[in-house]
Amino acid sequence: MPINIRVLRKKIRTELKTEDLLSLLDRAVELIPQEHLSELIENFFDPDSLNLVDETSEQVLLVEVRIFFEESMSGVYYEDFQVNSHNFMDLSRGTINFIAEFQRLMQRCIDESETGDLTEIREAFEMLINLLDEIDECRDDIIFFADEAGSWQVGVDWNRVLPYYFKSLAAIAKPEEYAQNIVELVRKHVDYNSDEHLQQALKIANSSQKKALKSLMK
């Protein structure tokens, strides 16, 4: 069904937060054909300055995620500001960039789970999830939140993500490992909707994994 560009433009301008705009832009850059990218960035960047490296293919997912993980843990995205009663809901540029890159890489995990190496995709998923765990462990040098710090502010759509993660995990994990990983993840991040996600994990699991998961659900 054709989309009304005028209505879409209005919604983008009035309804999206800055971090959502960056995620949308990331998606647009990857969807726009290479021959039209110069038109997109005209008056913003010099196209010639972006041809310094010949990247004929996209970087391997696991490599990208590992680089992002290491940069995040070393504080590359940490950027704070003086908090007051007027800006306590704001996000720093570093935090916005972290969220946009996190969302982009999580989307790559989802996209590649259909055809990629599930062992690598599982590892990529879990590195991203581990970053969320680190944030929730009160690590205050990964990203900065002026108010109510927590990984929930990264805005992961768990309803969309978890089926793909469960699939990658079920393909290679031993029964006990499958069950423990899922129960721990659900408890930490989606405990408010645990029954639905656990039931979904049961449907994806093989018979041995189902048995192990059911034993932990009792």
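Residue by residue, here is whether (1) out of contact with any strand residue (DSSP E or B) (no Cβ under 8 Å at 6 or more places or on another chain); (2) within 21 Å of ASP111 (Cα to Cα); (3) at pLDDT 95 or above holds:
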position: PHE166; (1), (2), (3): yes, yes, yes
position: ALA170; (1), (2), (3): yes, yes, yes
position: ALA173; (1), (2), (3): yes, yes, yes
position: ALA212; (1), (2), (3): yes, no, yes
position: LEU216; (1), (2), (3): yes, no, no
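Taking helices (runs of 4 or more DSSP H) that fall entirely within region 1-111, which contain at least 2 residues that are modelled with pLDDT of 90 or more and loosely packed, with under 13 Cβ neighbours inside 10 Å?
5-15, 61-73
Across region 125-142, what is the total count of residues that are crowded, with 18+ Cβ neighbours inside 10 Å and out of contact with any Asp or Glu (no Cβ under 8 Å at 6 or more places or on another chain)? If you could, list the steps in order and put the result at the bottom.
Step one: list which residues in region 125-142 are crowded, with 18+ Cβ neighbours inside 10 Å, which gives 125-129, 131-132, 135, 142.
Next cut, out of contact with any Asp or Glu (no Cβ under 8 Å at 6 or more places or on another chain) only: 125-129, 131-132, 135.
Qualifying residue count, region 125-142: 8.
With respect to the conditions (1) part of a loop (DSSP other than H, G, I, E, B); (2) within 23 Å of ALA212 (Cα to Cα), ALA179 falls short on a single one, namely (1).
The values are calculated or read from the model by the stated rules, or taken from the named source; none is laboratory data. Being a predicted model, the structure only gives us computed values, none of them experimental. Every residue, glycine as well, gets a Cβ built from its backbone with ideal geometry; the counts of neighbours run over all protein chains shown.
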